[in-house]
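Asker: Once you've had a glance at the structure underneath, I'll fire off some questions.
The values are calculated or read from the model by the stated rules, or taken from the named source; none is laboratory data. Note that the structure is predicted; figures quoted are calculated from it, not measured. Cβ atoms come from the backbone with ideal geometry, glycine included; neighbour counts cover every protein chain shown.
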Amino acid sequence: MAKMEVLQGTLDMLILNALKLGPNHGLGVSRRIHQITHGTFDVRPGSLFPALHRLEDKGWLVSRWGDSENNRRAKYYQLTAAGKRQLQTETESWERISLVITRALRAT
Amino acid sequence: MSQRWIAWFRKLFQHAAVDHDLEAEINAHVQLMTDENAANGLGPEAARRQALLDLGGVQQVKEEVRAVSAGLWLEHLWQDVRYGARMLRRSPGFVATAALTLALGIGANTAMFSVIDGVLLNRPPFAEPSRVMVVYMKEPNGATNIFSTPNYLAWKRQNSPVTTMAAMAGGSLSLGSKDGVERILGYQASSEIFSVLGVTPALGRAFTADEDRPGAGNVVLLSDSLWRTRFHSDPSILGSKLDLDGQPYTVIGVMPPGFHIFPYTAEQYYRPLQLETQDAVASSRTVHWLLAMLRVEPESSQKASQSALDAIAARLRHDDPSGDAGFGLTLQTYQEFVTGNIRGPLLILMGSVGFVLLIACSNVANLLLARATSRRLEMSIRAAVGAQRSRVVRQLLTESVLLSLIGGALGLLMAFGALKVVLVLNPVYLPNLQAATINTTILVFTTLVCLCVGILFGIVPALVASRVDLSNALRETSRGAGRSGGKHRVALVILETALASVLLIGAGLSIKSLWKVSRVDPGFNPNGLLTFKIAPPGSAKDQPYVFFQRVLEAVRALPGVESAALGRNIPLSNVDPGVPVAVDGGAPQITDGQVVTRMRLVGPLYFHVFETTVLRGREFSESDTAASQPVAIVSQSLAQRYWPNQNPLGKTLKPNLPDAPWYTVIGVAADVRHLGLDTDIEPTAYYPYPQFPKSLTPLATKFTTVVIRSAQMSGLADAVRHAAAGVDNTVPIYDVQTVDQMLLDAGSLRRFDMSLFAAFAGLALILAAIGVYGVMAYSVAQRTREIGIRMALGATRQDVLRLVVGQGVKMAVAGVMAGAIGALALTRLMASQLYDVSATDVWTYAFVSVAVVGFILLASYLPSRRAMRVDPNQALRHE
């Protein structure tokens, strides 16, 4: 499958989803998105970091400094309660929309 | 949301720390990628290079993050403020001029709004004041009146949504103590007053319905101020006895601080009404003496209450057809009752002062436009290095808001001073003016005004300044021609001239009205008259008139006193009782829209003392006694109404009062302006004291006014007080004042209105002239070269003068014409306040137009002198 630029607006949802399993740093989030989309989406640092900071400003993420598995310092992001709620609503609305659009496109 | 705020403040105030953190995060990211690349088999150097390549540049990522950052606009604002402050510091002359201009505008607005806030927006000291209504009776002739006792009781008995109706009557009592006696003002009110107004005493208790019955004993509540000043805030006052009008009254409570039923008079006591239904006054349908108030249900609107009342009126009329015909009630909100007559004038003043602010704004906008021209180089450089136009506009607007905030701060100081002056002018009938102070509301108002004004005067100059044509601008010097601003400048000058003209026309009409009023003949000579009131002591209750006469004799005997007379409800005393009259044996005539005949009770020599001309017949004398034939004197307008083209002498009339006799007219007196110079003349009948219906004498002689004509006024008040005390030292004389002063008081609101209007118009004219001067001076400076060429080509100084002044005249005429059109539309609003002057008075319009053009000619003549002195050689070498 060819690599795609992440759609505006879906990036937030993907990041929140990537952090569902637990706190992670920027590179980890990027790798996780790569993994869960089977390599379809590749998030560049130029889009990733602004998005992470924006989500933090909105109160959906919190960050703290921690040590990585190979003892490097890195900034870890974690979902807040509000972030979990947001992920829930976004997932639901996305499912509705995608269903409707898929039907619409298949209709003749 | 709070997290968002924390993020903002962190980004604003811990800017360096946040930035450092971001950089560390990105570096850590690079490190992790390098590790990863190394793990995938790249050498350390190559691994790092690849990581940096993937990242796309540390600075770029930082910029991307910052661009979405929550605090970005706040950060920019802070930058703009600091930069703006720096720019303003660099041109103190400009800042001083602009800030001072704005301070005049904002200061005047702040002061005026304080007055509005204190007077119109003042919250009455009641619970939910918007539900409190003043109730009037509608009379058959369409006029409104207060209640008579039977009317009030009939209404009260009805089971209606308005069950809590309270009645009250103002009055005064002599408060006796060992230091002497003092007359204090207050109210008699029915016990419902507390629930209608929604107040409870701060100390003690309210009086009950049982205490509000005749013969229930004397109880009284004190005002907070009386309690503080006379009784030193002593709580043990509760239960003690006070001597009021010679009777012992038990003090049962003290009202809360700031409480008053009405803000006009200093109310000191509240006592139960204790309506006697049996005596002549109370049983009379024609003695209207009770003011009623009620509290409407929260859900019922004024309209719904009104229709409920109308239904009751119809029922009452059905039950008792002998009652007043066409009887009904009207409701007015308390606020409307208190401020209805002054709201219009005050709002017009607020509007005028808004005009002054607009003119100040135009002036500052002009200054900014001129500055924009000299800042073209700066703007071009900003544009050249990539600043967006919106960003530049925002920067310039920040600067102008800063400027208006400086102006606003100065304006607040000016408003403080202006309020002091306003309080000195203090018109008698402007309630709660003392409440006009600079408080939080005012500060919020002024801040909002500053923000709006800053954007208003800043937006056009900012748009003009930020429109940069890069290729030309950088080549030109900063002293460019600035043609585009010129159009705006002329438009602004025309606008402010127009605004100033509107205000001047308004002020002119108001001044002309005042002048017309001052020439009105009041029907008496107010100079050299002193009046005072006195109530009979308990010992003279049976013979009050005899007591009054003894006081009168004592006063007449004083040195310097030329003449003196007794009268009830003298002119300008603000009490104007009326009662319908029947003439020549007929029934009382009340027709739609007709004014009820006014009633006065006077003693011998009354007309002589007032110097009111007795046109026909004679005035009352000592020989008009209770035993002699009842006689009356009528005003000229009354004679005109009932006996046109006939001799009124010898005709008879009878006031619609219980056991009133038929009175024979023995004299016709000139009409008197009873309530003030600018009020209408109403038909009036005068009756002699001793011949007044016996049943009403207790009411009529509760007090009397003594009027004294004397050549010597100084020391007279003391001499009179002494003389009255010689007759009886248990009752004080009160309301001692000259009739001149009463006349001044009656006209004080009009003078207040005129003074403020004139001050605002004057301010507007000066600001507009400064604006014209500035624009002309700037234009001359810009056109130095052109003028030099003209002179080199043979233009004389007169030609140059004509060139410059001609431009000024064009702007002035355009402005004045626009102003006259605006005034035609706007002065209609003040038509009701004008006296004997049309809102489109040609002379006022013409005079103001000529004056404004003249003033602006002067303002443009000064710069033109500089233009005439231009030396062609110098001017051409200039470039």
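Asker: Against the conditions (1) in contact with a helix residue (DSSP H, G or I) (Cβ under 8 Å, 6 or more places away or on another chain); (2) at pLDDT 85 or above, where does B:Lys516 fall short? Just the number, please.
Answerer: Checking B:Lys516 against (1) in contact with a helix residue (DSSP H, G or I) (Cβ under 8 Å, 6 or more places away or on another chain); (2) at pLDDT 85 or above, the one that fails is (1).
Asker: Let me ask something additional. Under the condition of being assigned to a strand (DSSP E or B) and small (Gly, Ala, Ser), which residue from region B:175-193 is modelled with the lowest pLDDT? Steps first, answer last, please.
Answerer: Here is the first cut: in region B:175-193, the ones assigned to a strand (DSSP E or B) are B:175-177, B:180-189.
Keeping just the survivors that are small (Gly, Ala, Ser) gives B:176-177, B:180, B:186, B:189.
Working: B:Gly176: 85, B:Ser177: 81, B:Gly180: 78, B:Gly186: 94, B:Ala189: 95.
Per the criteria, the residue is B:Gly180.
Asker: Among the residues of region B:123-148, how many are modelled with pLDDT of 85 or more and polar (S, T, N, Q)?
Answerer: Of the residues in region B:123-148, 1 are modelled with pLDDT of 85 or more and polar (S, T, N, Q).
Asker: If you don't mind, another one. With B:Asp735, B:Asp659 as the choices, which residue is surrounded by fewer than 16 Cβ atoms within 10 Å (Cβ to Cβ) and touching a Phe, Trp or Tyr at 6+ places or on another chain (Cβ under 8 Å)?
Answerer: Details: B:Asp659 fails: touching a Phe, Trp or Tyr at 6+ places or on another chain (Cβ under 8 Å).
The match here is B:Asp735.
Asker: Filter region B:751-768 for residues that are buried (at least 22 other Cβ atoms within 10 Å of the Cβ) and either over 28 Å from the mean Cα position of the chain (by Cα) or of a type in the set (D, E, K, R) (or both) and give the result.
Answerer: B:Asp753
Asker: Listed residues B:Val421, B:Val468; which is at pLDDT below 90 and either within 20 Å of the chain's Cα centre (by Cα) or buried (at least 22 other Cβ atoms within 10 Å of the Cβ) (or both)? Break it down stepwise before answering.
Answerer: Working: B:Val468 fails: either within 20 Å of the chain's Cα centre (by Cα) or buried (at least 22 other Cβ atoms within 10 Å of the Cβ) (or both).
Exactly one residue qualifies, and that residue is B:Val421.
Asker: Suppose we keep only residues that are of a type in the set (D, E, K, R) and in a strand (DSSP E or B) within region B:599-630. Which one would you say is nearest to the chain's Cα centre (by Cα)? If you could, list the steps in order and put the result at the bottom.
Answerer: Within region B:599-630, the subset of a type in the set (D, E, K, R) is B:600, B:611, B:616, B:618-619, B:622, B:624.
When the remaining residues are screened for being in a strand (DSSP E or B), the result is B:600, B:616.
Values: B:Arg600: 33, B:Arg616: 44 Å.
In this case the residue turns out to be B:Arg600.
Asker: Scan B:Ala96, B:Ala51 and give me the residue that is within 14 Å of chain A (Cβ to nearest Cβ) and free of Cβ contacts under 8 Å to residues at least 40 places away in the same chain. Full working, then the answer.
Answerer: Working: B:Ala96 fails: within 14 Å of chain A (Cβ to nearest Cβ).
Answer to the selection: B:Ala51.
Asker: Considering every residue within region B:280-289, establish whether at least one is at pLDDT 75 or above and within 30 Å of the chain's Cα centre (by Cα).
Answerer: Taking region B:280-289 first, the residues at pLDDT 75 or above are B:287-289.
If we keep only those that are within 30 Å of the chain's Cα centre (by Cα) as well, we get B:289.
Yes, that holds for at least one residue.
Asker: Just give me the residues in region B:55-81 being crowded, with 16+ Cβ neighbours inside 10 Å and within 7 Å of chain A (Cβ to nearest Cβ), in sequence order.
Answerer: Matches in region B:55-81: B:Leu55, B:Val61, B:Glu64, B:Val65, B:Ser69, B:Ala70.
Asker: What are the residues in region A:68-82 that are of a type in the set (D, E, K, R) and out of contact with any Phe, Trp or Tyr (no Cβ under 9 Å at 6 or more places or on another chain), if any? Quick ask: steps written out before the conclusion?
Answerer: Taking region A:68-82 as the starting set, the residues that turn out to be of a type in the set (D, E, K, R) are A:69, A:72-73, A:75.
Across region A:68-82, the qualifying residues are A:Glu69, A:Arg72.
Results for (1) among the aliphatic types (A, V, I, L, M); (2) over 16 Å from B:Val251 (Cβ atoms), shown as yes or no for each residue.
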{"position": "B:Met168", "(1), (2)": "yes, yes"}
{"position": "B:Gly171", "(1), (2)": "no, yes"}
{"position": "B:Ser177", "(1), (2)": "no, no"}
{"position": "B:Ile184", "(1), (2)": "yes, no"}
{"position": "B:Ser191", "(1), (2)": "no, yes"}
{"position": "B:Leu197", "(1), (2)": "yes, yes"}
{"position": "B:Pro201", "(1), (2)": "no, no"}
{"position": "B:Ala206", "(1), (2)": "yes, no"}
{"position": "B:Asp210", "(1), (2)": "no, yes"}
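Asker: I'd like the residue in region B:536-595 that is β-branched (Val, Ile, Thr) and at pLDDT 90 or above and, out of all such residues, is surrounded by the fewest Cβ atoms within 10 Å (Cβ to Cβ). Quick ask: steps written out before the conclusion?
Answerer: Of the residues in region B:536-595, the ones β-branched (Val, Ile, Thr) are B:546, B:551, B:555, B:561, B:570, B:575, B:579, B:581, B:583, B:590-591, B:595.
Then keep just the ones that are at pLDDT 90 or above; that gives B:546, B:551, B:555, B:561, B:570.
Details: B:Val546: 11, B:Val551: 25, B:Val555: 25, B:Val561: 19, B:Ile570: 26.
Of everything passing the filter in region B:536-595, B:Val546 is surrounded by the fewest Cβ atoms within 10 Å (Cβ to Cβ).
Asker: It is to be established whether one or more residues within region B:682-699 are closer than 30 Å to B:Leu749 by Cβ, modelled with pLDDT of 95 or more and surrounded by fewer than 20 Cβ atoms within 10 Å (Cβ to Cβ).
Answerer: Scanning region B:682-699, I find no residue that is closer than 30 Å to B:Leu749 by Cβ, modelled with pLDDT of 95 or more and surrounded by fewer than 20 Cβ atoms within 10 Å (Cβ to Cβ), so the answer is no.
Asker: Still on this model: Given region A:1-98, what helices (runs of 4 or more DSSP H) lie entirely inside it while holding 1 or more residues that are small (Gly, Ala, Ser) and more than 14 Å from every other protein chain (Cβ to nearest Cβ)? It would help to see each step written out before you state the result.
Answerer: Numbers: elements: A:10-18, A:26-36, A:45-57.
Per the criteria, A:10-18.
Asker: Suppose we filter region B:160-215 for residues that are among the small types (Gly, Ala, Ser) and under 26 Å from B:Val287 (Cα atoms); how many remain?
Answerer: From region B:160-215, those among the small types (Gly, Ala, Ser) are B:160, B:166-167, B:169-172, B:174, B:176-177, B:180, B:186, B:189-191, B:195, B:198, B:202, B:204, B:206, B:209, B:215; that's our starting set.
If we keep only those that are under 26 Å from B:Val287 (Cα atoms) as well, we get B:160, B:166-167, B:169-172, B:174, B:186, B:189-191, B:209, B:215.
Of the residues in that region, 14 qualify.
Asker: Residues in region B:833-873 that are part of a helix (DSSP H, G or I) and either of a type in the set (A, V, I, L, M) or touching a helix residue (DSSP H, G or I) at 6+ places or on another chain (Cβ under 7 Å) (or both): how many?
Answerer: Pass one, region B:833-873, residues part of a helix (DSSP H, G or I): B:833, B:842-868, B:872-873.
With the extra rule that they be either of a type in the set (A, V, I, L, M) or touching a helix residue (DSSP H, G or I) at 6+ places or on another chain (Cβ under 7 Å) (or both), the set shrinks to B:833, B:842, B:844-853, B:855-864, B:866-868, B:872.
Matching residues across region B:833-873 total 26.
Asker: Go through B:Ser755, B:Ser779 for me and flag whichever is part of a helix (DSSP H, G or I), of a type in the set (Ser, Thr, Tyr) and under 22 Å from B:Met350 (Cβ atoms). It would help to see each step written out before you state the result.
Answerer: Details: B:Ser779 fails: under 22 Å from B:Met350 (Cβ atoms).
Checking each option against the conditions leaves just B:Ser755.
Asker: Select from region B:32-48 the residues that are closer than 15 Å to A:Pro45 by Cα and more than 7 Å from chain A (Cβ to nearest Cβ) and list them in ascending order.
Answerer: We begin by selecting, within region B:32-48, every residue closer than 15 Å to A:Pro45 by Cα; these are B:32-34.
Listed by number, the list holds a single entry, B:Thr34.
Asker: Next question, about the same structure. Just the residues that are in a loop (DSSP other than H, G, I, E, B) and surrounded by 21 or more Cβ atoms within 10 Å (Cβ to Cβ), please, taken from region B:631-656. Talk me through it step by step, then tell me what you get.
Answerer: So in region B:631-656, the residues in a loop (DSSP other than H, G, I, E, B) come out as B:643-651, B:656.
B:Pro648, the sole residue that qualifies.
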